[in-house]
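Working notes, structure below.
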Amino acid sequence: MSTDQNYAPNDLESLWMPFTANRQFKKNPKMLVEAEGMHYITHDNRRILDGTSGLWCVNAGHRRQPIIDAVKKQVEKLDYAPGFQIGHPTSFEFASRLTSMIEGFDHVFFTNSGSEAVDTALKIALAYQRSIGQGTRTRLIGRERGYHGVGFGGISVGGIVGNRKQFGTLLTGVDHISHTHNLEQNAFSRGQPEWGAHLADDLEKIVALHDASTIAAVIVEPMAGSTGVLIPPKGYLKRLRDICTKHGILLIFDEVITGFGRLGASFASEYFGVKPDLFTTAKGITNATVPMGAVFARDGIYDAFMDAPDNTIELFHGYTYSGHPLACAAGLATLDIYRDEGLFERAAELAPYFEDAVHSLSDVDHVIDIRNLGMVTGIELEGIPDKPTARAMDAFNKCYDKGLLVRTTGDIIAMSPPLIVEKEQIDFMIDTVRDTLKTVH
Ligand SMILES: Cc1ncc(COP(=O)(O)O)c(C=O)c1O
């Protein structure tokens, strides 16, 4: 029998790390042991500027006292309550705070992550179509290069081959529209590229192939993050909206990254002035202090489920931790910080400075494109022939050694600092990336 006396405290072997080159990491571990504001502290006591808000999620900066206090207070009062056929007040309060943030979306459904939010949104879309007598609409349409988390629904509508190829045949009845990335037309665009609205018409081709009566929903990230920051061309999202409306197809925005201020507005739908039918959120919803996600449903969607006979469960879906008290408490405190510190407005004000700063890297070696929107940038590097990702990984490691956390995907460096970032810290980020790119392979 093993007891906890037998464990090896410094053993790295037992943990199977997510989305990580485990063997490489374990030879040379990078450990974060503390965080505060804009910084992490490493196990060897170095300060690292968080250029990525963790994984695009710590929008208000680290270890915010009001969130800590709210979570402590909640755990001392109600640690957990089931959410099926019974409730607790904090989840209702948080839901109404969330729906009050945006016009036209009168309900939210709680999940624990972005992946769960995506699967929930896809399921709501299918069930909604069925509930309005459109039960033949069973197809789901995603987009090439889309990232929608790692559930089977999410990887099926997702468009990143590495996330799909190990996992069999995925969901059936899924198709993809083309992505919007085009270096020839749009390299070094500032903000939204001029070229590419017509790419939304790809959905018409899919409708012509399958017929609208078989399609339930289309899901896209309004700004694609994890695939390397792909900014929607001007007019593209509106055109996608119009095609969906014309054909009775639900439009789902995956706002797991863009929600809660990243673009300088509460949500991307507000930023772009295009309303989806459903949208997913997670990450910044609790400033990442406690895991949570939420699906927002536009007015009318919930109501369509409500004419089932009395005492019937209207949607057979939910998680043990849907609306967990600690997550809701963290979320309420997070929304207070966003409001009281005006962080979304701050992001909008800083965005032009950030844009100028990142585009100052355009003549640096290896850089073949720079993209930006709000407080996000993607810096695309020319890959080393036959060694895709190696150059960006080298940059990631060197930036880390110089005290800056960036993210890489393929040969793209992404940065998305917490919205409390100061201009001097943006300068530090840019100088560090510039110096690093001088020395990468
Ligand atoms: C757009 C989008 N959707 C879904 C997810 C998945 O979220 P999670 O990792 O919380 O499951 C992510 C994560 O990065 C994301 O960027």
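Taken over segment 214-250, the criterion of being among the charged types (D, E, K, R) and out of contact with any strand residue (DSSP E or B) (no Cβ under 7 Å at 6 or more places or on another chain) is satisfied by Lys234, Lys238, Arg239, Asp242, Lys246. If you check Val256 against the conditions, is it closer than 19 Å to Asn59 by Cα and in contact with a strand residue (DSSP E or B) (Cβ under 7 Å, 6 or more places away or on another chain)? So Val256 passes the test. Each residue in segment 13-34 was checked for being closer than 19 Å to Leu405 by Cα and part of a loop (DSSP other than H, G, I, E, B), and 9 of them qualify.
Here segment 13-39 is the region considered, the condition is being surrounded by fewer than 21 Cβ atoms within 10 Å (Cβ to Cβ) and in contact (Cβ under 8 Å) with a residue 40 or more places away in the chain, and the residue that is nearest to the ligand (Cβ to nearest atom) is Lys30.
There is no residue in segment 179-201 that is of a type outside the set (Gly, Ala, Ser), closer than 30 Å to Gly300 by Cα, in a loop (DSSP other than H, G, I, E, B) and assigned by TED's automatic domain parsing to the domain that holds Gly300.
Here is a check on your reading of the model: is Val256 more than 15 Å from the ligand (Cβ to nearest atom) and over 19 Å from Ala127 (Cβ atoms)? So Val256 fails the test.
Can we say Ser360 is of a type outside the set (Val, Ile, Thr) and either free of Cβ contacts under 8 Å to residues at least 12 places away in the same chain or farther than 16 Å from Leu49 by Cα (or both)?
Details: of a type outside the set (Val, Ile, Thr): yes; either free of Cβ contacts under 8 Å to residues at least 12 places away in the same chain or farther than 16 Å from Leu49 by Cα (or both): yes.
Considered against the rule, which asks whether it is of a type outside the set (Val, Ile, Thr) and either free of Cβ contacts under 8 Å to residues at least 12 places away in the same chain or farther than 16 Å from Leu49 by Cα (or both), Ser360 comes out as yes.
Identification of helices (runs of 4 or more DSSP H) wholly contained in segment 92-165 with 2 or more residues that are under 17 Å from Lys283 (Cβ atoms) yields 114-131.
So for segment 72-86 (the condition being within 16 Å of the ligand (Cβ to nearest atom) and either in the same structural domain as Lys283 (by TED's automatic domain parsing) or closer than 26 Å to Thr180 by Cβ (or both)), does at least one residue qualify? No, that holds for no residue. The residue of segment 170-184 that is surrounded by the fewest Cβ atoms within 10 Å (Cβ to Cβ), among those that are more than 21 Å from Phe152 (Cβ to Cβ) and under 21 Å from the mean Cα position of the chain (by Cα), is Ser178.
Within 16 Å of the ligand (Cβ to nearest atom) and aromatic (Phe, Trp, Tyr): which single residue out of Phe344, Phe272 fits that description?
Working: Phe344 fails: within 16 Å of the ligand (Cβ to nearest atom).
Matching residue, one of Phe344, Phe272: Phe272.
This table checks each residue for (1) out of contact with any Phe, Trp or Tyr (no Cβ under 8 Å at 6 or more places or on another chain); (2) surrounded by fewer than 16 Cβ atoms within 10 Å (Cβ to Cβ); (3) β-branched (Val, Ile, Thr).
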residue: Cys399; (1), (2), (3): yes, no, no
residue: Leu404; (1), (2), (3): no, no, no
residue: Ile413; (1), (2), (3): no, no, yes
residue: Ser416; (1), (2), (3): no, no, no
residue: Ile426; (1), (2), (3): no, no, yes
residue: Val433; (1), (2), (3): yes, no, yes
residue: His441; (1), (2), (3): yes, yes, no
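A quick yes/no check of all residues on (1) aliphatic (A, V, I, L, M); (2) farther than 24 Å from Pro82 by Cβ; (3) free of Cβ contacts under 8 Å to residues at least 24 places away in the same chain:
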position: Leu251; (1), (2), (3): yes, yes, no
position: Pro276; (1), (2), (3): no, yes, no
position: Asp303; (1), (2), (3): no, yes, yes
position: Asn311; (1), (2), (3): no, no, yes
position: Cys328; (1), (2), (3): no, no, no
position: Leu335; (1), (2), (3): yes, yes, no
position: Ala347; (1), (2), (3): yes, yes, no
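Restricting Gly264, Gly284 to those that are more than 27 Å from Ala216 (Cα to Cα), in the same structural domain as Ala224 (by TED's automatic domain parsing) and within 12 Å of the ligand (Cβ to nearest atom) reduces the list to Gly284. Only one of the numbered conditions (1) within 12 Å of the ligand (Cβ to nearest atom); (2) assigned to a helix (DSSP H, G or I) is not met by Gly228, and that is (2).
Given the structure, is Ala217 assigned to a strand (DSSP E or B), in contact (Cβ under 8 Å) with a residue 12 or more places away in the chain and crowded, with 16+ Cβ neighbours inside 10 Å?
Spelling it out, Ala217 is indeed assigned to a strand (DSSP E or B), in contact (Cβ under 8 Å) with a residue 12 or more places away in the chain and crowded, with 16+ Cβ neighbours inside 10 Å.
Yes/no per residue for (1) of a type outside the set (Ser, Thr, Tyr); (2) within 16 Å of the ligand (Cβ to nearest atom):
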| position | (1), (2) |
| --- | --- |
| Ser131 | no, no |
| Gly142 | yes, yes |
| Gly149 | yes, yes |
| Asn163 | yes, yes |
| Leu183 | yes, no |
| Gly191 | yes, no |
| Asp211 | yes, no |
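Picking from residues in segment 238-271 that are under 30 Å from Val421 (Cα atoms) and among the small types (Gly, Ala, Ser), the one that is surrounded by the most Cβ atoms within 10 Å (Cβ to Cβ) is Gly259.
The values are calculated or read from the model by the stated rules, or taken from the named source; none is laboratory data. Since the model is a prediction, treat every value here as computed from it, not as a measurement. Cβ: placed from backbone, ideal geometry, glycine included. Neighbour counts: every protein chain shown.
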